[in-house]
Structures are given as C-alpha cells and as structure tokens.
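Just so you know, all these numbers are worked out from the coordinates, no wet-lab data involved. All values derive from a computational prediction rather than experimental measurement. So basically every Cβ, Gly included, is an ideal-geometry build from the backbone, and we count neighbours across all protein chains shown.
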Amino acid sequence: MKIVKLHLIPTVLKLKQPFVSGHEILNQRELTIVELKDETGLYGFGELEAFSRPFYTSETQVTARWIIEHVLADLIIDVEFDKPQELYDKLNVVKDNRLAKAAVDSAVWDLYAKQQQSPLADVLAVEAHTSRQARVQVGISIGISDKKTTFASLNQALHRKYGRIKLKIQGNDDLKRVVRVRQKFPDTPLCVDANGSLIHTMSLAQEIDDLKLTMLEDPFSIAAHDQAAQLQEQMQTPLCYDEPISTVSNALQAIKNKECQIISMKSSVLGGLTPSLAMISAHKKYHFPLWCGGMVEGGVGRATNLALASLDEFAFPGDISETARFYSADYTTPEFYLRSGTLTVPQQEGIGVNICPEISGVNSSG
Ligand code: OSB
Ligand code: MG
C-alpha cells in the first residue's frame, strides 16, 4: 500500500474546567488531526498531542505541524510499504520531534488496521504477541485545585469507579492537601503526580510513605536522576517515571539505576505506536511494571491509547478517562462512555471512531 495524501486539520477543544498541573493551566486544548489517504481511498487518523506552549514538551502544535507538513509528509508519501514499521524507518531520519512522528505513525497504524479490516487493538496485540481486553479499566488524573474541590472530584471519581486515581500536586507545601485527602479517604488507593515540582528535603521520603500511595509520579525535574534514585532508596512508596521517559533506553536506564520502579509510557511522547511496541518488548524482557499515560487527548488520541492500553502487558489502569470529562463537545463519534470504571474497545476497524464531518473533508471532498 502507499499513502497518497497527508492533510492536517487543526482544531481547538474548549475545556469544561481548566486542567491545572505543575506545568500550566489548560483552558482549551489545541490539537491537530493528521489525516492520511491511501491509494485505495482508505483513511487513517492520528492526533498531534503537543500543547500550545512548550512547558510539558519542547514541541508545540505550531512547531510539530511545521515538521509534519514540511518534512515528514515528503518522507512517506508515495512510498510503497507493507507494515507501518517500514514507514517509521523513513520518519526516523528526522532527529527527535517525537510528537510530530507519533501523530503520523498513529495515523499509519489506523490506516493499516483498516486495510487489515481489524480493530487497531487486535493488530497491536498480534504485533506484540499478546492478547487484549475487550473492556479496559481506566484511571483518572485530577488536576490541582483547593481542598474542597479535590474532595468533590475524588468522590465523583470513586462514584464512577475509576480503577486508579491520581492527584496532581504542585510543590512540597501541596503535600498537606494530600494529607487531608488521606485523612478523609483512609483506604482509597491513591497516586500522586508532582510533575517535577518537589524539592528533596530530609523529611520527604517519610512524608510520602506516610501517605500510603500506590506510587509517586515525577517528584523532581527530569534531569535529577541521582535525587530520584536517592529518594527511591529512602522510601517504600514506588516511584514512577513519566516525563523522563521519551525512549525505551531512558526507561531501561532508569529501572537499572533504581531511579524508579514503574514506567508510565505515553505513546505520543515515545514517538508513536511503533516505538510503543518496542517498549512493550522491553517490558517483556525486563518485567518492569508499565502503564499508559495521557495528555488530555481528544477522541482520536484517546482511541489510540485505548487500543494500546487494552494489551495485557499493562499493570495499572491508564490515564484514559472519558473525553466527556474534559470537553462538552469532542470532535469524534461515538464518544467513549465509562461503564463501571471501564471503557469498551471499539469493535470497528482501526481506532473505531469517526471524525465529525464538520471538521473532516473525508465525506465531502474525499
Ligand atoms: O503528567 O501525566 C501527566 C496531562 C497533560 C500533561 C501531562 C500529564 C497529564 C495527565 C493526564 O496527568 C491527564 C489525562 O490525559 O487524563
Ligand atoms: Mg505525569
């Protein structure tokens, strides 16, 4: 098969409420959909997960769109291929720019799955030599807010039966809010994501252990390898790396150096589904617990992650809470609805969601 056209569809989704992390306050989610068309008229879709500003990753929507349009497109258009990995080899002449590559690579996988007339989840399970769930337990990441709002969000998350609850925090002082949460919810399994905002003090390890967390994600900035290893040695709570993980070798290094025990992988940050499959192979060999992170995706991004997270290799529910939680109107149909803390993997071919005709030219101009 070959790709004959690559089209970018920039869009903006308004958030119902701002999503606050240690990096930024997100009021709207700028996204770009990569639409690929093959010579038989099949389409594949991928989502560009860069943010508008370079606080979480160095790429932004504007820089990554430029790379896709002016560099990546030419590398794959009219190139004959049998498997998506062959096109990834072409993309890989470009240094870094993983979010840009990921957007293209996920669209290639969607297209490939449609060509195989299979759900993307099945195609990935075959590639990873594993099996998959039909319904996937998912987790929720609760943004930073005051104590009262945190309690309310937590109660709601418990009511919806989310399988893993993560609280975002900002700075050592904010651990006090988690202490209050722990007092009010003594038995609820909780994770905390500091997005690199903590400072390593003498009492930090004990303070964290007292919270009885399932894991602590990204306490320090991504370069603070030694501090992370030190903290992990001082405490029982497993440390999880998200932001330092942009390659498989980062993950292996971190595990080997005992900087963390758990890896949260983001397929977009790794550069797409092709490198995500490599991460799964590494996991099979070295057995570190793995789960699927999120980046406040829209419908296409969530669908891509849901397919990936359905594989049996993931030890914890991923950050793939339903998009309706963020957006009153997503740009895909059907929307994913949570049933008892689980999302159902679509049985349709590919990612199993459709782009609303208002924003895609697929049903009009072709
Ligand atoms: O650190 O995991 C993170 C969202 C945007 C950027 C970074 C992170 C997050 C989340 C996941 O916490 C939120 C979600 O997509 O549900
Ligand atoms: Mg994180």
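Residue check: is Asp174 away from ligand 1 (no atom under 16 Å from the Cβ), acidic (Asp, Glu) and over 16 Å from Trp291 (Cβ atoms)?
Considered against the rule, which asks whether it is away from ligand 1 (no atom under 16 Å from the Cβ), acidic (Asp, Glu) and over 16 Å from Trp291 (Cβ atoms), Asp174 comes out as no.
When the stretch 227-269 is examined, which residues are found to be surrounded by fewer than 19 Cβ atoms within 10 Å (Cβ to Cβ), among the basic types (Lys, Arg) and either within 12 Å of ligand 1 (Cβ to nearest atom) or assigned to a helix (DSSP H, G or I) (or both)?
Lys256
Within the stretch 190-207, how many residues are farther than 19 Å from Ser21 by Cβ and surrounded by 14 or more Cβ atoms within 10 Å (Cβ to Cβ)?
4
Looking at Ala329, Ala307, can you tell me which residue is more than 16 Å from ligand 2 (Cβ to nearest atom), in contact (Cβ under 8 Å) with a residue 12 or more places away in the chain and not in a loop (DSSP other than H, G, I, E, B)?
Ala307
Among what's in the stretch 160-175 and is of a type outside the set (Val, Ile, Thr) and over 22 Å from Ser221 (Cβ atoms), pick the residue that is surrounded by the most Cβ atoms within 10 Å (Cβ to Cβ). Talk me through it step by step, then tell me what you get.
To start, the set of residues in the stretch 160-175 that are of a type outside the set (Val, Ile, Thr) comprises 160-164, 166-168, 170-175.
Cutting the leftovers down to over 22 Å from Ser221 (Cβ atoms) gives us 160-164.
Working: Arg160: 16, Lys161: 13, Tyr162: 25, Gly163: 16, Arg164: 21.
Only one residue fits best here, namely Tyr162.
Across the stretch 117-143, which residue is nearest to ligand 1 (Cβ to nearest atom) among those that are assigned to a loop (DSSP other than H, G, I, E, B) and over 19 Å from Phe316 (Cβ atoms)?
Gly143
Can you tell which of Thr342, Thr333, Thr304 is buried (at least 24 other Cβ atoms within 10 Å of the Cβ) and either farther than 22 Å from Ile33 by Cα or not aliphatic (A, V, I, L, M) (or both)? Even if it seems obvious, please write down each step before you answer.
On the way: Thr342 fails: buried (at least 24 other Cβ atoms within 10 Å of the Cβ); Thr333 fails: buried (at least 24 other Cβ atoms within 10 Å of the Cβ).
That would be Thr304, the only listed residue that is buried (at least 24 other Cβ atoms within 10 Å of the Cβ) and either farther than 22 Å from Ile33 by Cα or not aliphatic (A, V, I, L, M) (or both).
Residues being within 12 Å of ligand 1 (Cβ to nearest atom), more than 15 Å from Ala103 (Cα to Cα) and in a strand (DSSP E or B): count how many of those fall in the stretch 1-60.
6
Results for (1) touching a residue at least 40 places away in the same chain (Cβ under 8 Å); (2) part of a helix (DSSP H, G or I); (3) within 24 Å of Arg325 (Cα to Cα), shown as yes or no for each residue.
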residue	(1), (2), (3)
Ser153	no, yes, yes
Ala157	no, yes, yes
Ile165	no, no, yes
Lys176	no, yes, no
Thr188	no, no, yes
Val192	no, no, yes
Thr201	no, no, no
